[in-house]
Structures are given as structure tokens and as C-alpha cells.
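Each remark here refers to the structure printed beneath this line.
The values are calculated or read from the model by the stated rules, or taken from the named source; none is laboratory data. Just so you know, these numbers come straight off a predicted model, no measurement behind them. We place every Cβ from the backbone using ideal geometry, glycine too, and count neighbours over all the protein chains shown. Protein only, heavy atoms only, side chains kept; ligands, DNA and RNA dropped before computing areas. Shrake-Rupley method; radii C 1.70, N 1.55, O 1.52, S 1.80 Å.
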Amino acid sequence: MTEQTDAADTATPAVLDTFAEHLRTLELPLPLEGTEQARDEARAAQAQLADHVIPRLESLDAPLLVVIGGSTGAGKSTLVNALVGRSVSRSGAIRPTTRRPVLLHHSADEPWFTGTRILPGLARVHAGAAGDAEAPRPGDTTGDHDPATSLELHAEDAIPQGLALLDAPDIDSVATGNRELARQLLRAADLWLFVTTANRYADAVPWEVLRSAAATDVTVDVVMNRIPDRPGVADELAADLRGMLEKQGIDVEHLFLVPETELEADGMLPARFVTELKDHFAHLAADSGARGRIARRTLAGAVDSLAASAGEIAAHAAAQDQERTQLKEQAIAAFSGARERIDDALGDGSLLRGEVLARWQDVVGTGEFIRGLEGLVGRVRDRLTQALGGKPAPAVAAEQALGTGLVHVVIDESARGAERAEAAWRATPAGRFLAEGQDLARIPDGYAEQVAASIRAWQGDVLELVRAEGSDRRTKARLMSLGVNAVGVALMVVVFTSTAFIPTGLEVGAGAATAVVGQKLLETIFGDDAVRKMARIARERLTARLDALVAERSGPFLDRLEELGEPGAGDALAEDAAALASLAARIREDA
């Protein structure tokens, strides 16, 4: 081999191994258009890597594998038996005729085929001298195998050394397993010998497979079997077939014509009718240069085909990632909306109504702010000392009402967010697939308690802020005269309205007016700057807790997306496609 080929071979394992690993770990879980075809394409690419590309690249001097394929009843097995000179592949009227693929090789080439160098997914079954299956040999993967998952090996010295014949199942078999296996074997071929008949050479299925062979640059020879033995018929049919092949862009190396004839008493085709084909194989086996050119040409075509497959699979993987991104954005948007609505409730004073407003007015009164705020601290202190025995202190009741109101808002809005997210998902097939059987919008057990505990913890944070800010002697005296809870409620009221604080004046409404009272009360005790700092810290801590609570509800949606695996397979496969195309070009240059 040339120095260039050696360099290509050195780089090859990394290219192919990387691609194989990407295929093994590929996940296309979402039911998008074309996904099933992409999965089939990935499985076929994996098989072609293992069955043909990697072993051929590692052993360019291995025997050339000639796969004999064609339609049901085309006479493939009869042809193979004639080439060997005895019955080694079953043929008959019952369809499908070829059930287990049969591989024939020279006895000296046996080591190339007894292991798993090629077609590693097929178990090996060795045949005896009469063509019957032998007992398993040491190291064999034989046993009671489904014919569609095993390969029957025959050591036949009638097969020239350096070449092996593989009799494949029918490409149009009524058995699905046979059809799939036939296509797998054709992808493993170095050379495909296509067998057809005079009355079936225009059938659709064989031409579909021939076109796929041409697309991957597989070397193709054709046998037209059972040609009527009448003057001029063979030439006429041969010309017609060549014209059809040329029109389809299918380059056939050799066309062999076999006339229709009576089989001999033992069911064998007379040897003279396969002499030309047999001589062709003998010359090919003896010409190592010709075998190498065919092997490299087919290999380059196979790698090019893998590059195209990698590009197509990459596009589907990218579509999966795009769909995942869209589903994630829908979930995030739904819960962002819920979070915004919670903030709206905090900032518009809507929480300072009903029970909350009544309890807060118990603390500060209803009309004090109208009559002036100068004596506010004294009036609040007097009101707090007038609380009836046996009832919670007004400040404690107001604190509980504030907490309960916020808990309800968080639960209600996060539930609406979950409903919106699930509705968005169920509008697409991929989203329905993820949501199916999950009940993602259901409020989880314990979530209400979790929200309540988090709000109580935040209220505890607020009381600690009040205590810390009121630690100096003068402030502490005022704080103690009012009580930490009352001052803490005032700070909560301010936080529940706006971080920018609301304007004073009668026009702002009763809820906003009570917030102004809370703000003025705090400023009287701590001063304007301290109040602003405390309100900012309290709001930041509340924001963090609310973010965590809403994120908790979005968790089931985002977790479903995480279960799909890591994104980014499309980029990796696109890189594989480029690397494989480059490798194919290097192989073709050396062919």
C-alpha cells in the first residue's frame, strides 16, 4: 500500500470507532416525523460498520465476499450448487427457498470466516461433507439458531482461494426476517452477483435494491437466468437489460446469460451453463490487484454511504434537540408567567385586602394616617396593649393572615403554571409523548406544606432582620415597646406592596394607605435608609424562596426532558459525516 493509504488507515479506527460510539449512544426518543426511519438508518449504519466497513478496512487482503442475491425463485441456490458441483444450498418450489444464508469458501480461507470478523451478529453453523450441519466446533456460536440469525459455513475447494460466495435469502421474500437479512448481507458485500430471470428482470423490488447498490458504488455483476433457448432471444434480452441498467445509472461489470434447460437427474444445473461465470471467479481470485480494486471501490462507496447516513441522522438528532428546546421553553414560560403573577400580587396590594387588611387595621387602626402620622408609634402601642385576652395578639394574627394569603397565591399560581405547561405540551405529538400517563399538572403531595413552611421561614427571616436592625439602645426601646411581631408585620406589608414604595395620599386606596402607615411606622423607628435596606433584603430573600417554590413545580416537566439524555448528538454526527466523507475520498484515491 502507498504511504497515503497507511496514513488513512492510521486515522481510520478513530473515525469509525467514534461514529460507532455515537450510533450506540444515540437516542431519538421523541415521536417526530421521520424518527422511525432515522432509527432504522442508525441500526443499518451500525450493522454496516460491523459487518463490512471495519473488518474490510482492517483486512484489505481478506478474501473478496461475493453476495449472491435476487428475487424469489430466480435460481440463486441452483446456480451456487452448479458452481460447487454438488448440492450445498437448498432450492425448491416452496417459498421462501433459501432460509439460512450459506457461505462457501476455500478450506485455506476458513480462518477468515469462522470467527466474527464479518457479520458478527450471525451465529456460525458449520456444514459437513454432505452439506448437513455439523455438531458445534470449539469456539463456535452454533446451536439451535433461527436461520435468520445464523450463517451456514461450507469449506469447498471448488471455490477458488481468495474469494467467497454467500447465497443470501430472497430480497422480496414473504418472510420479513429474510428480507431484512438479505439487505444486511448485501451491505456486507464486496461484490454483488445479482440473479434475475428472463421473465422477471423488470420487477420493481430488485431494481430498488439495484439502485441502492449503485448509490453506494457497490460493484455489481448480473446473471440473467432461464433465457428461452431460441435464436436471438438472449441477445435481445441482454440488450434490453443493459439499456435499463444504463438508464438507471447502474454500472454493471459483467452480464452472464444462462439459458433455460432441464435440470439433471440429481437436480443440478449442467456444469457447462456456469462455465463462463466459474472462469470469471477463477480469474478474479487469481488477480489480487483486481480484487483489491473492487474491495476498495466498494469500501469507499460504503463509507460514503455512511457519511450520507450520518448527515441524515444528524438532521433528525438536531430536530429532536430543537423540539426539546421548544418544550423546555414552553414549560419555563408557563412557570415564569406564574412567577410574574405572584409578583403582581405582591406589588399591587391585592394581598392587603380581606382578612389581611382587617388584621393589619387591628394593629394600626383605620384612620390614623388621615389625621396625621406624628403620634403613630404611641397610638399603635396603645392599640396593641388593648388586645382582648384569649385572642392572638393583633400583630400575630396579621402575620398569620399575610402568610396564609401568600401561600394561597403561590399554590394557585404555580398550579395554573403547571396546567398551562401541560396544555402546551399536549398540543404537540412530542409533548403528548412526554406527558402521557404522567399527570404533570397534579399538585404533588406535600407541596402545600412545603410552601407554608417556606413562607414561615421567610417571615422568620423578616423578624430576625427587625431584631438585628433594632439592636442599638434607643431603637431597641421603641422596638420592644411595640413588639418585634408588630414591626415585622409592618415590614412584611411594605415588602408585599412594592420595592419602590407606594406614594402617600388619599387617592391610593385603603390597602395602599395601610402600607403607607407601615412604612411610616418603620421610618419612625429605624429611619428612612434603614427601612429601605431592610425592605430590599427582605424582598430578595422572599424572591429566592418564591423562585425555589415555583422551580419545584416546574421540576416534573424539566425532569421528563432530562430523562431524554444529553442533547448535542446532531453536532457530533455532523462532524462524523464530514470525517467519513474525507475518509472515503482517501480510500477512493488509492483504489
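Round to a whole angstrom and tell me the spacing of the C-alpha centers of region 36-68 and region 412-431.
Centre-to-centre (Cα) distance: 45 Å.
Just read off the accessible area of HIS22 with the full protein assembly in place, 1.4 Å probe, to the nearest 10 Å².
In the full protein context, HIS22 sits at about 50 Å².
Give a residue-ordered list of calculated ³J(HN,Hα) values for region 440-448 (Karplus: 6.51 cos²θ - 1.76 cosθ + 1.60, θ = phi - 60°; whole Hz; x for Gly, Pro).
5, 7, 5, 6, x, 4, x, 5, 4
Report in % the part of the accessible area of region 173-243 that belongs to carbon and sulfur, leaving out ligands and nucleic acids; probe 1.4 Å.
C and S atoms contribute 49 percent here.
Apply the Karplus parameterisation 6.51 cos²θ - 1.76 cosθ + 1.60, with θ equal to phi minus 60°, to every residue of region 163-179 and state each ³J(HN,Hα) to the nearest whole Hz, in sequence, with x for glycine and proline.
Once θ is set to phi - 60°, the couplings for region 163-179 become 8, 10, 10, 10, 7, 8, x, 5, 6, 10, 4, 6, 8, 4, x, 5, 4 Hz.
Which value, in Å², gives the accessible area per residue of region 215-302 when a 1.4 Å probe is used on the protein heavy atoms?
53 Å²
Would you grab the residues whose amide H sits under 5 Å from the one on LEU64? Only those 5+ places off in sequence or on another chain, please, with H modelled 1.01 Å from N.
It is LEU163, ALA164, by chain and number.
Starting from the Cα of LYS247, draw a straight line to each of the aspartates and glutamates and keep only those under 15 Å, dropping any in the same chain fewer than 8 residues away.
Correct list for LYS247: GLU208.
Would you mind estimating how fast region 155-196 diffuses translationally, via Stokes-Einstein at 4 °C and 1.567 mPa s with the Kirkwood radius over Cα pairs, in µm²/s?
D, rounded to a whole number, is 112 µm²/s.
Aspartates and glutamates near LYS278 by alpha-carbon distance under 16 Å, same-chain residues fewer than 8 away left out - which ones?
GLU156, ASP157, ASP167, ASP221, GLU253, ASP287
Pop a pseudo-label 7 angstrom from the Cα along the beta-carbon direction at both GLU464 and ASP251 and give the gap in nm to one decimal.
7.9 nm
Please list LYS247, LYS278 from largest to smallest accessible area, probe radius 1.4 Å, with all protein chains kept in place.
LYS247, LYS278
Starting from the Kirkwood radius over alpha-carbon pairs of region 159-275, derive D by Stokes-Einstein at 20 °C in a medium of 1.002 mPa s and give it in µm² s⁻¹.
Answer from the Stokes-Einstein relation: 138 µm²/s.
Enter the accessible area per residue of region 160-205 (Å², integer; probe 1.4 Å; all protein chains in place).
On a per-residue basis, region 160-205 sits at 31 Å².
Just flag the GluC sites (Glu not before Pro) in region 539-587 sitting in loop per DSSP whose Cβ has no more than 15 other Cβ atoms within 10 Å.
For GluC sites (Glu not before Pro) across region 539-587 that sit outside H, G, I, E and B with at most 15 neighbouring Cβ atoms in 10 Å, the list reads GLU563.
Carbon-plus-sulfur fraction of the accessible area of region 534-583, 1.4 Å probe, in percent?
Heavy-atom surface of region 534-583 belonging to carbon and sulfur, 1.4 Å probe: 50 percent.
Would you grab the residues whose amide H sits under 5 Å from the one on ARG124? Only those 5+ places off in sequence or on another chain, please, with H modelled 1.01 Å from N.
THR141, THR142, LEU151
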